[in-house]
Amino acid sequence: MGLNEWAYPLSESLLSEPLPRRWAHVLGVAGRARSLAPILGDDAELLEAAAVLHDIGYSPSIAATGFHPLDGARFLRDQEGADERVVSLVAHHSCALLEAEERGLRQELESEFELERPELVDALIFCDMTTTPTGGHTTPAQRLGEIVQRYGPDTIVGRFIQRAAPEIYAAAGRVESRMVSAPARG
């Protein structure tokens, strides 16, 4: 069974009923990941699997710490025996180290899960931060604004996302530059 044949049903089983809006979001993020195939080469399937799984830590059935990247990655590693690279991408998606710091969990995240190569980290940031909560396309600026508005500027998530904004914009820019430079497919 390929990564995506495993990842989609797993994510659906954890998110679709308890968190249908989150399920719609991860489907949109996975769609964005597919659109990056021209710059991902052999890692296209890996990124798509990580994209559809990146928010499973929100599932009430596996949430433990309340920090979804850590909860999702631990579940994938400990319960699913998932591909180490998928686990790493889930653990560190969208500047998770900065949010872990806000939550006092940075050392746990860093010590348990290695960072994946920067091009893939950037790609997952791009996919997540250009997808609305309902799975549509958006810009990083609009997505960051929506997150701050939803959570509030002085909450853990609000503070983290504002600190992460420069890296999110930089990652999105790097991905967009790579896409412009990618050979045309035909």
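Figures for the structure shown
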item: So residue 112, is it over 20 Å from residue 157 (Cα atoms) and either open to solvent by 50 Å² or more (accessible area, probe 1.4 Å) or touching a Ser or Thr at 6+ places or on another chain (Cβ under 9 Å) (or both); result: yes
item: Residue in region 120-129 that is open to solvent by 20 Å² or more (accessible area, probe 1.4 Å), within 18 Å of residue 69 (Cα to Cα), part of a helix (DSSP H, G or I) and among the β-branched types (Val, Ile, Thr) present; result: yes
item: Hits in region 61-77 (condition: assigned to a helix (DSSP H, G or I) and open to solvent by 10 Å² or more (accessible area, probe 1.4 Å)); result: 68, 74, 75, 77
item: Of all residues making up region 20-60, the number that are open to solvent by 50 Å² or more (accessible area, probe 1.4 Å) and either polar (S, T, N, Q) or touching a Ser or Thr at 6+ places or on another chain (Cβ under 9 Å) (or both); result: 3
item: Residue ID - nearest to residue 176 (Cα to Cα), chosen from residues in region 130-156 that are in a loop (DSSP other than H, G, I, E, B) and open to solvent by 60 Å² or more (accessible area, probe 1.4 Å); result: 139
item: Residue satisfying condition, being in contact (Cβ under 8 Å) with a residue 12 or more places away in the chain, within 18 Å of residue 91 (Cβ to Cβ) and not in a loop (DSSP other than H, G, I, E, B), within set 47, 40; result: 47
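The values are calculated or read from the model by the stated rules, or taken from the named source; none is laboratory data. Just so we're clear, the structure is a prediction, and the values are computed from it rather than from any experiment. Cβ: placed from backbone, ideal geometry, glycine included. Neighbour counts: every protein chain shown. In case anyone asks, the SASA skips ligands and DNA or RNA and just uses the protein heavy atoms, side chains included. Shrake-Rupley method; radii C 1.70, N 1.55, O 1.52, S 1.80 Å.
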